[in-house]
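For reference, the structure is listed below as structure tokens.
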Amino acid sequence: MNVGERLTDQNFPESPEKATLEGKNKFLGFWLFLGGETVLFATLFGTYLGLRNSFGKGPEASEIFQLPMVFAATIILLTSSLTSVYAVLALKENRVKAMRGWLFVTLLLGLSFLGLEIYEFIHYVHEGHTFTSGAFGSAFYTLVGFHGGHVLFGCLWLSTLLIRNSGRGLTLYNSPKYYLFALYWHFVDVVWVFIFTVVYLLGKVG
Amino acid sequence: MSNAHAANKSSLWDWLTTVDHKKIGILYLISGGFFFLIGGLEALLIRIQLMKPENTFLTGDLYNQVLTMHGTTMIFLAAMPIIFAFMNAVVPLQIGARDVAFPFLNSLGFWLFFFGGVLLNLSWFLGGAPDAGWTAYAPLSTTSSGSGLDFYVLGLQIAGAGTLIGGINFLVTIINMRAPGMTFMRMPLFTWTAFITSGLILFAFPALTIGFFLLMFDRVFEANFFDASMGGNPIIWEHIFWIFGHPEVYILILPAFGIISEVVSTFSKKRLFGYSAMVFATVLIGFLGFMVWAHHMFTVGLGPVANSIFAVATMAIAIPTGVKIFNWVFTLWGGQIRFTTANLFAVGFIPTFVMGGVTGVMLAAAPADYQYHDSYFVVAHFHYVIVGGLVLGLFAGLYYWYPRMFGKMLNETIGKWNFWTFFIGFHLTFFPQHFLGLMGMPRRYFTYPEGFGLGSMNFISTIGAFFMTIGTILFVYNIIITHAKGKMVSGDPWDGRTLEWAIPNPTPHYNFLQTPLVRGLDALWIEKMAGNKKMTPAEPVGDIHMPNNSILPFIMSLGFFIAGFGFIYFNKGGALALVAIIVGLGIGLVCMFLRSWIDDHGYHIHKKDLPKEDKGADL
């Protein structure tokens, strides 16, 4: 079977994302890439933990963090993880429309998260908590900003994927692409859970 | 597309767009070799300056620049790419694969390394090279004036991304692309070491990526990570650097262990002694390599508990390394030894590396390290493991695999001259440096006073460096002679044992006409002993699927190269620098977009265009 051919319910494989060697390679390679990403964020977290009380000329963490807004952002991002799970479930059953619908919701949630984060950063800058106000500021914006950058990249990636494959069904060629995006999105969510705990909760009470 | 491939000419366009692991291996070798010559030249300048007390040949900041660039170039731009050259040229063949798992990424990894290396070296012509040592300790690196350190950060960031991509590629290749029957415990030891090295790259390089980002943010965007007056902490840089930097040492040496294992086994006509112990030792060294980074920081003042733990962990690495040394000796023991140039380098490697290992254990003793730290004793130690270990291993690999990579055998007579001049020169250069260090000569200083008794040993050391230069020139001469006058050899010139010798010369584009069936360790040797003329195939001759060439990796890397310039001149270049950043990153993103947008299914070489049957390697 040609990898570019649209899959039907009759010839739909158990795991279309891993049905070809290319798919298997991408699947494994992406998991390994996420392993590397883990070290990347671990280094950022380590740096942040080392500098989180070095406020320099800026305000202290407990003064500026607004938990309600961060909580809203957390709920939005976690929900987007759930919708991407629904998308993958639909992918495994060849329900293309449902899959694309859920991914579209995921994209909207991702963009709303980004909007909130930008609003939050602007708010902090007005409070005097900037990238250059102290070691804490540098570490905060680098860690949270790296995560935000990952969300932004994910949104661009997902948009490309949705536009490119509009009107095309699932194939052995594009199934791994959808699946890998979901993996990436879960990873970005998990990182946020750690940021919420280590940066915001610890900043508020630690 | 397939017509373009049928006329597979060796044109420039073909080299820029190739995704063939064999060609990418050659690209890595040529560019890594070029940077090796530059790094060697810098070493020679250092040794000329230190030839006599109070010399004025190369002083002050210029000396610092040459010293920094020597270390940085040798580690990141010479040693790593030459290792990747071998991994590309050999690993897919050793596991019976037709290409790597991600041919496109393979090309991208090379071009990122290449443009990163070029960017770093352009600093010489644009206001001065980095001058804070290859370790770029803060706050020296954050406060160093000029753009040198910016070139260091951006150049290595781009090159490092390429290395990470390469590491992931080889992990997936080795896990997913092995021929039928090639179980993990039947993989040749070079493939095993490439596998573990790739794993170390995956988990070590992201730490460096972040380290470079922090340093870049401090320098370019006025962040305060390492600025103590704003609450920053320069020790964080040391931790991050060595969390990467110590695994990096094993990233470098493990493939050399693999090469030595292949060479010693082939030229003793024996199966590698203690194969499974060798595999286990490789894995253990890789694992322990992550537990020892703070032995570079004994004098920082982390306290006796931390120092003791890291000292013990460091000494523990001597055990698996010792296992390897004994296994090589036992492989040679009772073998039909042929002293080809490759084997001379391998046999020379064994005692030399042991000496580097012994000083390593001495340095691991934390209290004693307070005496050795930042002295020439350390310089002697790491040159014994990196030059005496890795570089001798790379030379062995070059003489061994040259016929596989280029179809011609390097001249053995010149090769032996190459070995003896380089080997004697090496010991002459670095052996006296142990004693210079014990006598108190600090590393990185551009001179030393008269009357301290340091002059004669420094002079001997410089003479040794000239011998090594002669050895290197002989090697370059050997390459020229070989390509001008050498004859094509058979596909199996050494009576090899592993799959890379089972194919005709020159290696077909698709490597294996039929995927081989592997029936044990030393797969080819098993077939030879069974009286077979070629490998037993695992499949009939059929259509072969191959990846398409692409120019995108080249353009994408060029984009990041341009953006790198923009960041380097961000504080001085004004609007032009900003334009470079936006255009450069834009080019990179557009290339990623195109890669996602354009369906790329590869192409097939059809059965009718293939030879009727597998001829093997003229055994």
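Quick notes
- Summarising the overall dimensions of chain A from its C-alpha atoms, the Rg and Dmax are 19.6, 66 angstrom.
- Between the range B:14-48 and the range B:472-536, the Cα center-to-center distance that results, in Å: 24
- Only Lys, Arg (+1) and Asp, Glu (-1) charged, at Cβ; the range B:49-205 dipole about Cα centre in debye: 620
- Look at the stretch A:26-33: the mean tally of other chain Cβ atoms within 10 Å of its residues' Cβ atoms is 5.
- Put simply, the amide H of B:Ser375, placed in the peptide plane, has neighbours under 5 Å in B:Arg443, leaving out anything fewer than 5 places away on its chain.
- Where labels lie 7 Å past Cα in the beta-carbon direction, separation of B:Lys572 and A:Thr79 in nm: 5.1
- Phi to ³J(HN,Hα) by Karplus 6.51 cos²θ - 1.76 cosθ + 1.60 over the range B:415-424, Hz, x for Gly, Pro: x, 5, 4, 4, 5, 5, 5, 5, 5, 5
- Here the calculated FRET efficiency for A:Val125 and B:Ile551, from their Cβ-Cβ distance with R0 = 45 Å, stands at 0.60, rounded to the nearest 0.05.
- Debye intensity ratio I(q)/I(0), log10, the range B:260-358, q values 0.18, 0.19, 0.25 Å⁻¹ (C-alpha model): -0.84, -0.89, -1.24
- The ellipsoid equivalent to the alpha-carbon distribution of chain B has semi-axes of 39, 31, 22 angstrom, derived from the gyration tensor eigenvalues as √(5λ) and listed largest first.
- Peptide-level mean, for B:98-111, of C-beta atoms on other protein chains within 10 Å: 1
- Karplus-derived 3J(HN,Hα), 6.51/-1.76/1.60, for each residue of the range B:203-208, Hz, glycine and proline x: 9, 9, 5, x, 4, 5
- Once the convex hull of all Cα atoms in the range B:495-609 is built, its volume per residue stands at 174 Å³.
- Quotient of the Cα radius of gyration of the range B:169-252 and 2.2 N^0.38 Å, N being its number of residues: 1.55.
- Cα-Cα pairs of the range B:1-117 separated by more than 22 Å (percent): 47
- Averaging Cα coordinates gives a centre for the range B:359-434 and one for the range B:288-327; these two points are 21 Å apart.
- Exposed GluC sites (Glu not before Pro) absent - longest run of chain B, DSSP non-H/G/I/E/B, at most 15 other C-beta within 10 Å: B:223-449
- Stretch gain in nm, segment B:Ala368-B:Ile319, where the contour uses 0.36 nm per residue and the Cα spacing is subtracted: 15.6 nm
- If you look at the Cα atoms of the range A:1-72, you get an Rg and a Dmax of 22.7, 66 Å.
- Per-residue Cβ neighbour rank within 10 angstrom, fewest leading, B:Phe205, B:Phe36: B:Phe36, B:Phe205
- Note on B:471-478: average number of Cβ atoms from other chains within 10 Å of each residue's Cβ is 0.
- B:Leu126, B:Leu410, B:Leu436, B:Leu610 arranged by Cβ crowding within 10 Å, fewest neighbours leading: B:Leu126, B:Leu610, B:Leu410, B:Leu436
- Ranked by how many other Cβ atoms sit within 10 Å of their own Cβ, fewest first, the residues B:Leu558, A:Leu172 fall in the order B:Leu558, A:Leu172.
- Entry note, the range B:554-599: relative contact order of 46 percent, from Cα contacts under 8 Å with a spacing of 6+ residues.
- Distance between the range B:229-254 and the range A:53-104 - C-alpha centres, whole angstrom: 32
- Cα-centred dipole magnitude for chain B, charges only on beta-carbon of K, R (+1) and D, E (-1), debye, nearest 20: 1720
- Pair B:Leu16, B:Leu41: separation of 7 Å Cα→Cβ label points (nm): 2.6
- Reachable aspartates and glutamates from B:Lys324, criterion Cα separation under 14 angstrom, eight or more residues apart if same chain: B:Glu262
- Here the calculated FRET efficiency for B:Leu594 and B:Phe221, from their Cβ-Cβ distance with R0 = 35 Å, stands at 0.70, rounded to the nearest 0.05.
- Principal-axis tilt of helix B:392-406 within chain B, Cα atoms, nearest 10 degrees: 30
- In this calculation the C-beta distance from B:Val541 to A:Glu60 is compared with R0 = 60 Å, giving a FRET efficiency of 0.25.
- The per residue volume of the convex hull around the alpha-carbon atoms of the range B:107-214 is 104 Å³.
- The coefficient of translational diffusion for the range B:554-599, derived via Stokes-Einstein from the alpha carbon Kirkwood radius under 20 °C and 1.002 mPa s, stands at 203 µm²/s.
- Helix A:175-195 vs. chain A, principal-axis angle (Cα, 0 to 90°, nearest 10): 20
- Summary value for chain B: 17 percent relative contact order, contacts being C-alpha pairs under 8 angstrom separated by 6+ residues.
- The alpha carbons of the protein assembly as shown occupy a box of 77, 74, 49 Å along the principal axes, longest dimension given first.
- Student exercise, the protein assembly as shown dipole from Lys, Arg, Asp, Glu Cβ charges, in Debye to nearest 20: 2080
- q = 0.15, 0.20 Å⁻¹: log10 I(q)/I(0) that the Debye formula gives for the range B:369-456, counting C-alpha atoms only: -0.67, -0.92
- Cα long-axis angle, helix B:376-385 against chain B (0 to 90 degrees, to the nearest 10): 0
- Straightening the chain between B:Ile30 and B:Ile470 buys 156.4 nm, computed as 0.36 nm per residue apart minus the Cα-Cα spacing.
- Stretch gain in nm, segment B:His606-B:Ile480, where the contour uses 0.36 nm per residue and the Cα spacing is subtracted: 41.6 nm
- Amide H contacts for B:Leu517 (H built 1.01 Å from N in the peptide plane; partners 5 or more residues away or on another chain; cut-off under 5 Å): B:Thr536, B:Ala538.
- Just so you know, the Cα atoms of the range B:59-174 work out to an Rg and Dmax of 16.4, 53 Å.
Coordinate-derived values only; no laboratory data. Here the structure is a predicted model, which is why all the values come from computation and not from measurement. No Cβ is skipped: glycine too gets one built from the backbone with ideal geometry, and neighbour counts run over all protein chains shown.
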